[in-house]
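Engineer: Just passing along the structure, written as structure tokens.
The values are calculated or read from the model by the stated rules, or taken from the named source; none is laboratory data. For clarity, every value in this text was computed on a predicted model and none was experimentally measured. Counting neighbours? That spans all protein chains shown, and the Cβs are built from the backbone with ideal geometry, glycine included. To get the accessible areas, we keep the full protein, side chains included, count just its heavy atoms, and leave off ligands, DNA and RNA. Shrake-Rupley method; radii C 1.70, N 1.55, O 1.52, S 1.80 Å.
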Amino acid sequence: MSVEVDVLLQEAKESIEAAQNYRSELQQRLNGLNQARKQVRGSSGQAREALRRHFTELQVAASRLLTERLAALLAEVDAIEADSVKPLDDCQSLIEHGVGQADDLLRDGEAALRCGLGEKEDKLGSFTKKAMHIHLDSLPEVPALVDVPSVSAQLDDSLLGLLRDRVSRLGSVSSHPPVQVEELQERPGSVLARWCKVDEDFAAADYRLQYRRTGSGGVQYEDAYIGRDCEFLVLHIDPHTDYQFRVCARGEGRTEWSPWSIPQTGYTTLAPHEWCPGTDGYILSSRRNIALRSDTSQSRFPVLYSSAPTYFCGQTLTFKMSAAGQIDRRDSVGVCVDSRKGAESLQRDQAVCISTNGAVFVNGKEMTNQLPAITVGSAVTFDMEVVNLFPVSNNNLSEGGHFKLRVTIGSGSREVVFDWLVDQAVDCLFFGCAFVHSGWKVLVF
């Protein structure tokens, strides 16, 4: 086979491979288009159903309210009519009774006048006595028309105008939610969710983040955060498990929430930070991410370490104090290269820590800079990055280490930054805490 044929054969193979890749890319784009079309049609159907359901519920509720109001007003009319007609009926009965008596008296008088002379005196005497008992000069009082109710209905025609105005502004239809999930970062046993506004005209007062585990049908979203921040660390995420996250917002002065963002899938491959069980004087939560200093009857107060070196440079390690005991300068919370047994503090070599009084220690030496004292609600953060990946020189051994890590410890609104020399290459570190007195409760994440 000639060289030209080999070249043509190679070009043909390359063209076939390029065509296959091109077809694969086009197929992926077709799948993306199908997903987009499915989203448009699915969300449109859901919007129609939501609109129909909402307006049907409003119509039923409005009809019920109008019917109830009409019935109440008619009941008022009935009550006024009944109360007003009763005395008129009583007066009518009295007058009709008087008319009957007058008719009887007239008949008796006419009969007395027509009788003979022998009976006239007796008849006229009886008639006179009867007339005196009837009180012909006493007439019942009939109320004037101005004194009796004239029932009317007062109706406010402006209600229809107000209703028309409110209905014209009821609801809205948007093609895009005002906020979207921007980023999902994996953290040890957690996911850091960040979101942002995509509608610059929307003035957000609060955000609402929800999440749920995917893969098992019927799982409902649950609230993770409601507030003004645009990021939140969602804890208790099982590693290697997909979760869906969505966010919405509430406008300034509004009570209703905006439409939900497009759900985004996030996960973590990093094992959660856990305290090591079995350390005397500490009680751990079921997830082992919360430790409570309980027993101080012993003379020793050992360090509680992490169950494994799960802190990696480039991450943020946070200690959150949910309860506080008595402050002691020997207390320590921090990071170390090893989990040295028998140690009673992290104020030692190959460790950096902060005491509950705010003092910062590097390899057992106290720094000049100091942070605020730790109290209930305090959050202490550790951030580290590698400055030197290789041994500096043998001459630097006397300075305390071969590798340099830049450490940032934050507490409250203050932070300290320094370089930490360690005597071995490390890509993961232990964390730990030690408290002299009971009552301290710390969450690590």
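Engineer: Pick out the one residue from GLY161, GLY215 that is open to solvent by 70 Å² or more (accessible area, probe 1.4 Å) and free of Cβ contacts under 8 Å to residues at least 60 places away in the same chain. Steps first, answer last, please.
Structural biologist: On the way: GLY161 fails: open to solvent by 70 Å² or more (accessible area, probe 1.4 Å).
After ruling out the rest, the residue left standing is GLY215.
Engineer: Take ALA82 and decide whether it is loosely packed, with under 10 Cβ neighbours inside 10 Å and in a helix (DSSP H, G or I).
Structural biologist: So ALA82 passes the test.
Engineer: Please name all residue pairs, on different chains or six or more residues apart, with Cβ atoms under 7 Å, provided the first residue is in region 38-60 and is in the same structural domain as VAL167 (by the TED database) and open to solvent by 90 Å² or more (accessible area, probe 1.4 Å) and the second residue is outside any helix (DSSP H, G or I) and of a type in the set (Gly, Ala, Ser).
Structural biologist: none
Engineer: Which residues, counting only those in region 263-284, are among the hydroxyl-bearing types (Ser, Thr, Tyr) and open to solvent by less than 40 Å² (accessible area, probe 1.4 Å)?
Structural biologist: Selection gives THR268, THR279, TYR282.
Engineer: Then there's this: If you check ARG212 against the conditions, is it part of a strand (DSSP E or B), closer than 20 Å to GLN185 by Cα and of a type outside the set (Gly, Ala, Ser)?
Structural biologist: Numbers: part of a strand (DSSP E or B): yes; closer than 20 Å to GLN185 by Cα: yes; of a type outside the set (Gly, Ala, Ser): yes.
Here the answer is yes, as ARG212 does meet what is asked.
Engineer: Mind counting the residues in region 181-209 that are part of a loop (DSSP other than H, G, I, E, B) and either open to solvent by less than 50 Å² (accessible area, probe 1.4 Å) or assigned by the TED database to the domain that holds ARG288 (or both)? Steps first, answer last, please.
Structural biologist: At the first step, the residues of region 181-209 found to be part of a loop (DSSP other than H, G, I, E, B) are 188-189, 198-203.
Retained after the next criterion (residues that are either open to solvent by less than 50 Å² (accessible area, probe 1.4 Å) or assigned by the TED database to the domain that holds ARG288 (or both)): 188-189, 202.
Number satisfying all stated conditions: 3.
Residue-wise test of (1) open to solvent by less than 20 Å² (accessible area, probe 1.4 Å); (2) in a strand (DSSP E or B); (3) modelled with pLDDT of 95 or more; (4) β-branched (Val, Ile, Thr).
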| residue | (1), (2), (3), (4) |
| --- | --- |
| GLN298 | no, no, no, no |
| GLY325 | no, no, no, no |
| ARG329 | no, no, no, no |
| VAL333 | yes, yes, yes, yes |
| LEU346 | yes, no, no, no |
| ASN369 | no, yes, no, no |
| VAL387 | no, yes, no, yes |
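Engineer: Report every pair of residues separated by at least 6 positions or lying on different chains whose Cβ atoms are under 9 Å apart, first residue within region 258-277 and under 22 Å from VAL179 (Cβ atoms), second open to solvent by 60 Å² or more (accessible area, probe 1.4 Å) and aliphatic (A, V, I, L, M).
Structural biologist: Listed by first residue and then by second, the contacts come to SER261/VAL198.
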